[in-house]
Amino acid sequence: MNSLSDNVLMLKVKNGEIHQLGLLYKRYKKRLFGFFYQMNKNASVSEDLVQNVFIRILKYKHTFSEDSKFITWIFQIARNEMYDEFKKVKKENHKDIEDVSFYIESDKNFENELEISENKINLKRAIAKLPHAKKELIVLSKLKELKYKEVGEIVGCTEGAARTKVHRALQDLKQIYLTLENA
């Protein structure tokens with residue numbers, strides 16, 4: 001059963017085999033949690049949002065099409081769930097991204113580690129200053145490592161437009177980062 005594709009499993013769920021949703025949950029719970037957590041920095045809320053996505057999958061299973069790619073369909077649902085949460089809560093502090101990974105070699109001296117730590121802080125601050133839409137593009141494309149085609153399907157544009165939007169978001173991030181670095 002684990003060898004079935006996501007699309008096949010979702011089609012089985014759509015046709016009434018609800019127990020197949022458990023395999024999809026196992027496959028996607030960490031990715032969805034990471035997406036939500038990077039957008040809102042709240043583990044409890046992120047867990048709730050993951051559960052809500054799977055509730056929506058059951059509710060809207062009839063909308064899944066054989067032509068759809070499951071990963072883009074589930075992230076569209078996740079994105080809608082996130083927006084609904086933002087509307088409900090209306091807090092500005094949901095804009096920070098936590099734990100951007102950096103590789104630090106263990107044999108670096110303290111001075112280099114301090115510089116890397118400062119860079120990490122500046123990067124977090126720069127990401128926090130990005131508009132929500134641009135931050136979302138960076139999270140999906142760079143941190144969640146989705147392809148531009150998938151990002152485009154999630155945000156409702158073509159692959160080329162997604163590539164352009166991500167590039168522009170990265171350029172804005174770079175400008176903000178350099179401003180913070182020089183301050």
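R0 = 22 Å: FRET efficiency of GLU118 with GLN171, Cβ-based, nearest 0.05?
Step by step, r from the Cβ atoms, then E = 0.50.
Distance between Cα centroids, segment 34-77 to segment 118-173: provide it in whole Å.
19
Which entries of LYS30/LYS135; LYS88/LYS134; LYS14/LYS135; LYS61/LYS149; LYS26/LYS69 show an alpha-carbon separation above 27 angstrom in the structure shown?
Working: LYS30/LYS135 20 Å; LYS88/LYS134 21 Å; LYS14/LYS135 33 Å; LYS61/LYS149 23 Å; LYS26/LYS69 18 Å.
Pairs exceeding 27 Å: LYS14/LYS135.
In segment 33-91, what chymotrypsin sites (Phe, Trp or Tyr not before Pro) fall in a loop by DSSP, with at most 10 other Cβ atoms inside 10 Å?
Within segment 33-91, no chymotrypsin sites (Phe, Trp or Tyr not before Pro) qualify (loop, at most 10 other Cβ atoms within 10 Å).
Which ordering of LEU123, LEU4 is given by a fewest-first count of other beta-carbon atoms within 10 Å?
By the 10 Å Cβ count, ascending: LEU4, LEU123.
No lab work stands behind these numbers, since they all come straight from the coordinates. Since this is a predicted model, take the numbers as computed values, not measurements. Cβ coordinates were reconstructed from backbone atoms using ideal geometry, including for glycine residues, and neighbour counts include every protein chain displayed.
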